Amino acid sequence: MKSFAAAAILAITAAPASAALSGYWDNSKIIHATLGNDMVADALKQQPVESITSTESGYQIQSQDCRVDVQVTRTAPDRPGPTRFSLKIGKGQCS
């Protein structure tokens, strides 16, 4: 019985880990990084954020008078953990 338990534990720990964090946590990190980016704040003319909309390539952040598109490039992790990403901040468009 002891050898079975030891074999089970060994099999569990030796199995390749392929799980990433949930989509919620990955998106949360991306949104926090986006909102903390000075280029986004400047593109919105430092106005308060009114909406964040998911787009095909990332997000569109909108304030009262301005909007900016943020392109997100995701890189899948090679081990359990958050998805790596990079941001490309577009030019702000203001009315």
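A few comments on the model shown:
- Criterion applied to Lys45, Lys88 was being closer than 20 Å to Ser28 by Cβ, touching a Ser or Thr at 6+ places or on another chain (Cβ under 8 Å) and either open to solvent by 70 Å² or more (accessible area, probe 1.4 Å) or at pLDDT below 95 (or both), and the one residue passing it is Lys88.
- Qualifying residues in segment 33-55 (those that are among the charged types (D, E, K, R) and outside any loop (DSSP other than H, G, I, E, B)) - the one farthest from the chain's Cα centre (by Cα): Asp42
- Within segment 56-72, the only residue that satisfies the criterion of being open to solvent by 80 Å² or more (accessible area, probe 1.4 Å), part of a loop (DSSP other than H, G, I, E, B) and either under 20 Å from Asn27 (Cβ atoms) or touching a strand residue (DSSP E or B) at 6+ places or on another chain (Cβ under 7 Å) (or both) is Glu56.
- Residue count for segment 1-32 under the criterion of being assigned to a helix (DSSP H, G or I), at pLDDT 50 or above and surrounded by 10 or more Cβ atoms within 10 Å (Cβ to Cβ): the result is 8.
The values are calculated or read from the model by the stated rules, or taken from the named source; none is laboratory data. These figures come from a predicted structure and were not determined experimentally. Counting neighbours? That spans all protein chains shown, and the Cβs are built from the backbone with ideal geometry, glycine included. Heads up: the accessible areas ignore ligands, DNA and RNA and are worked out on the full protein's heavy atoms, side chains in. Shrake-Rupley method; radii C 1.70, N 1.55, O 1.52, S 1.80 Å.
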